[in-house]
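Visitor: Would you mind keeping the following structure in view while I ask a few things?
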Amino acid sequence: MKTNEPFITDAVVRRDVYRVFCLTPAQADRVSVLTADDVVSRQSVVFRDAKSLGLKGDDRYVVVEGNEAAVARAAELLKGIPPLKGAEADDVYRRFRSQDEQAASGMGLIFGP
């Protein structure tokens, strides 16, 4: 089938998946396990304190975002720490993305369009 379109418009684009983990202060050093792993460290691994996200407590939240195999590997490395689910995971993930967007827009103000 020949077409004049420069792009395949019916191709399936797979979106990255993510998992949000909540680590207590005693578990906070487990983040180094994620950054040391070859598969997981090639994905987006971001961690922030609860207070910096506007949440109560001293917990540390970790978002691992990437392909399905790497996110599953991260869950395996953090066994005993179940990922957040449902509305709680969505809320924390939105807070991470909101901070990233604010930082990006701030850079635009510094360097200009």
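The values are calculated or read from the model by the stated rules, or taken from the named source; none is laboratory data. Predicted model only: the values in this text are computed from it and were never measured. Cβ coordinates were reconstructed from backbone atoms using ideal geometry, including for glycine residues, and neighbour counts include every protein chain displayed.
Visitor: Out of segment 58-101, which residues are closer than 15 Å to Val17 by Cβ and aromatic (Phe, Trp, Tyr)?
Guide: Tyr93, Phe96
Visitor: If you don't mind, there's one more thing I want to ask. Using the structure shown, decide if Arg73 is among the basic types (Lys, Arg) and under 13 Å from the mean Cα position of the chain (by Cα).
Guide: no
Visitor: How about segment 56-91: which of its residues are closer than 18 Å to Gln27 by Cα and among the hydrophobic types (A, V, I, L, M, F, W, C)?
Guide: Correct list: Val62, Val63, Val64, Ala74, Ala75, Leu77, Leu78, Ile81, Leu84.
Visitor: Do any helices (runs of 4 or more DSSP H) lying entirely in segment 22-113 carry at least 1 residues that are hydrophobic (A, V, I, L, M, F, W, C) and in contact with a helix residue (DSSP H, G or I) (Cβ under 6 Å, 6 or more places away or on another chain), and which ones are they?
Guide: Counting at least 1 such residues, we get 31-36, 38-41, 68-77.
Visitor: Pick from segment 29-57 the residues that are out of contact with any Lys or Arg (no Cβ under 8 Å at 6 or more places or on another chain), among the charged types (D, E, K, R) and surrounded by fewer than 15 Cβ atoms within 10 Å (Cβ to Cβ): which of them is nearest to Val17 (Cα to Cα)?
Guide: That would be Arg42.
Visitor: When both residues are 6+ apart or on different chains and their Cβ atoms are under 7 Å apart, which pairs have a first residue that lies in segment 66-88 and is closer than 18 Å to Val46 by Cβ, and a second that is surrounded by 11 or more Cβ atoms within 10 Å (Cβ to Cβ) and of a type in the set (Asp, Glu)?
Guide: Gly66/Asp16; Asn67/Asp16; Arg73/Asp37; Leu77/Asp37
Visitor: Restricting the first residue to segment 91-111 and requiring it to be at pLDDT 80 or above, which pairs with a second residue that is of a type in the set (A, V, I, L, M, F, W, C) meet a Cβ separation below 6 Å and a spacing of at least six or different chains?
Guide: Close Cβ pairs (under 6 Å, with a partner that is of a type in the set (A, V, I, L, M, F, W, C)) amount to Val92/Val20; Tyr93/Val20; Arg95/Leu53; Phe96/Val63.
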